[in-house]
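Have a look at the structure below before the remarks.
FYI, it's all coordinate maths here, none of it is from the lab. If you're wondering where the values come from, they're calculated on a predicted model, not measured in any experiment. Neighbour counts run over all protein chains shown; Cβ positions are idealised from the backbone, glycine included.
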Amino acid sequence: MTDCAGIVVALQANYLEVELDQAPQGVPARLLCTRRNRLSHRGAAVHVGDRVVVEAIDPVQARAVVAQVESRTSWLTRPPVANVSLVVVALAVEQPAFDPDQASRFLLT
């Protein structure tokens, strides 16, 4: 089966859930993946939001292997999320009263 590109939508223990950009015929849009050992040896961490290339796709069990991590366009450290295009911070104005220190903490950290 051919390699496919996708985005990591969930990370749990040693497993990654990858949503494919364009799933081939007969392949589910979301796959449960592991990562190649060579990625770990290179120090390439994989996080939610990373664009990846998957290979060794098993359409019956909806599994695959992450073979490559593409370059990130942005990065948040807490929580670790890559390639973020929009962050929304919502704070109350009246109840509870607006706290500028709290707003600064959310926007600057």
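Some notes on this structure:
- For segment 4-108, with +1 on Lys and Arg beta carbons and -1 on Asp and Glu, the positive-most of Val84, Gln95, Phe106 along the dipole: Val84
- Which labelled figure in [x] 1.10; [y] 1.14; [z] 1.40 is Rg/Rh (Cα atoms, Kirkwood Rh), once derived from the coordinates: [y]
- The charge dipole of the chain, taken about the Cα centre with unit charges on the Cβ atoms of Lys, Arg (+1) and Asp, Glu (-1), comes to about 440 debye, rounded to the nearest 20.
- Here each label is just a point 7 Å from Cα along the line to Cβ, and for Glu94 and Val60 those points are 6.2 nm apart.
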